[in-house]
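The block underneath contains the structure these notes are about, expressed in structure tokens.
The values are calculated or read from the model by the stated rules, or taken from the named source; none is laboratory data. Here the structure is a predicted model, which means the values were calculated and not measured. Because the Cβ atoms are built from the backbone with ideal geometry, glycine has one as well, and the counts that use them run over all protein chains shown. Only protein heavy atoms, including side chains, enter the accessible area calculation; ligands, DNA and RNA are left aside. Shrake-Rupley method; radii C 1.70, N 1.55, O 1.52, S 1.80 Å.
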Amino acid sequence: MKSIRDIYKTGAGPSSSHTMGPQAAARLFREEHPEADAFKVLLYGSLSKTGRGHGTDRILQTTFAPLPAEVVFCTEDPSDMKHPNTLDLIALQNGTETGRLRVMSIGGGDILIEGRDTARSGEEVYPENSFAEIKQFCECRYIDLTEYIEVCEGEDIWQYLHGVWETMKSAVRTGLEKEGILPGGLKIQRKAKLLYNQKLATQHAEVLECQMVSAYAYAVSEQNADNGIIVTAPTCGACGVVPAVLYYLQQKKGIPDDKIVRALGVAGLFGELAKKNASVSGAECGCQAEIGVACSMAAAAAGNLFGYSIDQIEYAAEIALEHHLGLTCDPICGLVQIPCIERNAVAAMRALNSVNLAYFLSGTRRISYDMVLRSMYQTGLDLNKRYRETAEGGLAAAYLRKGKSL
């Protein structure tokens, strides 16, 4: 399994699969074809159907600039297409094709290149490839999950995660200060500042917790929708869940950054298992693969902060993902706004509920995190493609049927 650095990538929103992945592909292709004086990119599947809303054409043209780049949103997919986020890059010199590359944007900013063996995201650093194997390793050596991470990654992983946490905190704070309309044409008003500053008649702890956690999730998700700098966790579209939970717990309990960073490591471990054994791509498996995995990561991180056992942490992550099974990805007009932003807030609250439930019932469970991952992946493959980030079904279709369009 790859380093947890792979799950946490810093970059501009709004989409890890539709902007970060294609940008990485374009950079690589340009390096490999210095002779080119122009480029052409053919977008297929979800990249074609929701690429405009996600800014795929914009990021490709910016990356190839100052050389011209024609971006084509193809209406038909090639019969041999292996992933719903596929693009063909073509290098041109004096109008003649000099090179071509097929790339799959597999989620979380990672890419796979057809005809090459591995993703461009680093080497395998964890010998274990399931949580059952990780738990067995830890139990045999009497170590916890953070110690396991350090054994495999080295001490410098914590410095890397300190940088990740600083970026997450910055996204929360910046998002709480901003107002205005998000780009894209839906005329969605930023709500994080309103949520955070709203004076409530009730002072019930549960209501105040919902207000703060939701405000933090909205802050980061709105930054993402506004092309701001965020961290994939595990994707751009689900980037608000983990920082919302950890920022709330830090503010409430005064937890130092060093402990937060170790909790981020545990969250990353569960996210990387999802990427290894299932998917974090909405185009491949629906939003269960993005928000569901983000919720499981946040629950695991909170469990670590609360001093839970390995079994309790696993159960928290399992509950969080299990109750997102079947969640569709149907962004209205292909934008990472409705239902995506609100969904981050709901998942952040569900992560806290999951970790609380796990405290009481971990000894009674029958389902493992590995089992839920397998189920999530198969469920995603069974979903009709209209519900896998194509904006052709669900809420997206209902919105258009009302006569709304950009």
What is the residue count in the stretch 114-123 for residues that are of a type outside the set (D, E, K, R) and open to solvent by 70 Å² or more (accessible area, probe 1.4 Å)?
-> 2
Helices (runs of 4 or more DSSP H) enclosed by the stretch 154-271 - at least 2 residues per element that are touching a Gly at 6+ places or on another chain (Cβ under 8 Å) and hydroxyl-bearing (S, T, Y) = 205-225
Which numbered condition I181 misses (of (1) within 20 Å of P14 (Cβ to Cβ); (2) touching a residue at least 12 places away in the same chain (Cβ under 8 Å); (3) hydrophobic (A, V, I, L, M, F, W, C)) = (2)
Could you say whether any residue in the stretch 389-406 is at pLDDT 90 or above, within 18 Å of K187 (Cβ to Cβ), open to solvent by less than 30 Å² (accessible area, probe 1.4 Å) and more than 19 Å from the chain's Cα centre (by Cα)?
-> yes
Working only within the stretch 292-323, note down all residues that are surrounded by fewer than 24 Cβ atoms within 10 Å (Cβ to Cβ) and without any contact (Cβ under 8 Å) to a residue 40 or more places away in the chain.
-> G307, H323
Determine which member of the set Q288, Q251 is in contact (Cβ under 8 Å) with a residue 24 or more places away in the chain, surrounded by fewer than 24 Cβ atoms within 10 Å (Cβ to Cβ) and polar (S, T, N, Q).
-> Q251
Being closer than 15 Å to L43 by Cβ and surrounded by fewer than 16 Cβ atoms within 10 Å (Cβ to Cβ) is the filter here, so list the residues in the stretch 91-113 that pass it.
-> R100
Among the residues of the stretch 190-218, how many are exposed (fewer than 12 other Cβ atoms within 10 Å of the Cβ) and over 19 Å from A351 (Cα atoms)?
-> 8
Subset of the stretch 72-87, residues under 26 Å from the mean Cα position of the chain (by Cα) and assigned to a loop (DSSP other than H, G, I, E, B), comes to C74, D77, M81, K82, H83, P84, N85
Inspect the stretch 337-357 for any residue being open to solvent by less than 80 Å² (accessible area, probe 1.4 Å) and modelled with pLDDT under 90 and give the result as yes or no.
-> no
Mind checking which residues of the stretch 134-145 are in a helix (DSSP H, G or I) and open to solvent by 80 Å² or more (accessible area, probe 1.4 Å)?
-> Q136, E139, C140, R141
Are any residues in the stretch 1-32 farther than 28 Å from C333 by Cα, surrounded by 20 or more Cβ atoms within 10 Å (Cβ to Cβ) and either among the small types (G, A, S) or touching a Gly at 6+ places or on another chain (Cβ under 7 Å) (or both), and if so, which ones?
-> S3, I4, D6
Which one is farthest from the chain's Cα centre (by Cα), of the residues in the stretch 4-46 that are part of a loop (DSSP other than H, G, I, E, B) and within 27 Å of V336 (Cα to Cα)?
-> Y44
Would you say P256 is open to solvent by 30 Å² or more (accessible area, probe 1.4 Å) and at pLDDT below 95?
-> no
So which of Y148, Y126 is of a type outside the set (A, V, I, L, M), buried (at least 21 other Cβ atoms within 10 Å of the Cβ), outside any loop (DSSP other than H, G, I, E, B) and on the phi < 0 side of the Ramachandran plot?
-> Y148
Residue by residue through the stretch 151-177, note down the ones that are among the aromatic types (F, W, Y) and open to solvent by less than 70 Å² (accessible area, probe 1.4 Å).
-> W158, W165
Leading residue by the ranking (surrounded by the most Cβ atoms within 10 Å (Cβ to Cβ)) among those in the stretch 59-89 that are touching a residue at least 24 places away in the same chain (Cβ under 8 Å) and of a type in the set (D, E, K, R) | D88
